[in-house]
Amino acid sequence: MRPFVNSMVVSLTLLSLVSCAPTQGTSESAGFSEAEIENIVRRSYQYVSMFNVINKGAMMDENPMRTGWNGTFAAAMLMDHTMQAIARPNNDTPYVATGLDLRAEPVVVSYPAFDSKYVALESSAYDHYVDIPLSTTKGDFAAPTTVLYYTQRTEGYAGEPVEGVDIIHEMTGDFCGAFLRVLPHAAEPERMQRNLAAMQEVRARTLSEFLGQLAKPVAGPGFPAFNTGTGIYQSNSLEVMQFLFNHTTFDPTDEMDLGVPGGHENPRCGAGHRF
């Protein structure tokens, strides 16, 4: 493990010096304690891991659950051991996955009503802070619901109400995922088929499309390479972490966010700043 840790220390030490905008360059990085090394790895792992998970879900052609950006995949049956797109899929709650690119404009996702005891909408960006905007435990999904997703960097939008939108949900990252988990009630075949059919009705549209207009053009994001293993730590962890800083909202009052190496060492990094 030592070469892996050393690689992370070198990469993230450099990152803390150059993140966002370079200041006066000094490359000296002496004086790390074992606790500081462990903190660097712990604070960065979730970002790199979620970068792989979300990008694989949206972009990897071999992934049978591929959504594309601002697209949706809905399972048509219960999952079993043959499903390789997710390391440990739930076979009792099939997924509806939506990959979101929120840079150019918000994205509105329409969710149907479900005849199910348990339905939960989970959302997360690269920081892996999971929110649950909708859940049957809160009385949701008794009727169709529209959710608008945006970030502090979404162009031309600042959280204002939109006619026809039920919930406005701010995400912490420009690239993120929204995952619906549905208990289909497999012991009741007709009920299960109704719920599986309802899952196919989930629809993602940009705000412009939701309002009957053409989607706004969006530039290529320039993603660093992603993969499903640990190779990213040995090759381009610096590039990935810089990309994450540029597309993530950090909370200057949150202890976990403040602990991310390099996340707040430059005034350009932090909540509300556009890159």
Identify, please: which residue in region 140-197 is in contact (Cβ under 8 Å) with a residue 60 or more places away in the chain and assigned to a helix (DSSP H, G or I) and is, among those, surrounded by the most Cβ atoms within 10 Å (Cβ to Cβ)? Asn195
Taking region 112-130 and the residues there that are at pLDDT below 95 and surrounded by fewer than 17 Cβ atoms within 10 Å (Cβ to Cβ), the one that is nearest to Val165 (Cα to Cα) would be Val130
Residues of region 250-271 being open to solvent by 50 Å² or more (accessible area, probe 1.4 Å), modelled with pLDDT of 70 or more and not charged (D, E, K, R), in sequence order, are Pro252, Thr253, Met256, Leu258
Condition set modelled with pLDDT under 80 and aromatic (Phe, Trp, Tyr), scope region 196-249, selection farthest from Val41 (Cα to Cα): answer is Phe226
Return the pair list, or none, for Cβ contacts closer than 8 Å from residues in region 47-63 that are touching a residue at least 60 places away in the same chain (Cβ under 8 Å) and acidic (Asp, Glu) to residues that are open to solvent by less than 20 Å² (accessible area, probe 1.4 Å) and part of a helix (DSSP H, G or I), at least 6 apart or on different chains. none
Of the residues that make up region 35-45, is at least one of a type in the set (S, T, N, Q), modelled with pLDDT of 85 or more and over 27 Å from Pro161 (Cβ atoms)? no
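The values are calculated or read from the model by the stated rules, or taken from the named source; none is laboratory data. For clarity, every value in this text was computed on a predicted model and none was experimentally measured. Glycine also receives a Cβ, built like all others from the backbone with ideal geometry; neighbour counts cover every protein chain displayed. Surface accessibility is based on the protein's heavy atoms, side chains included, excluding ligands, DNA and RNA. Shrake-Rupley method; radii C 1.70, N 1.55, O 1.52, S 1.80 Å.
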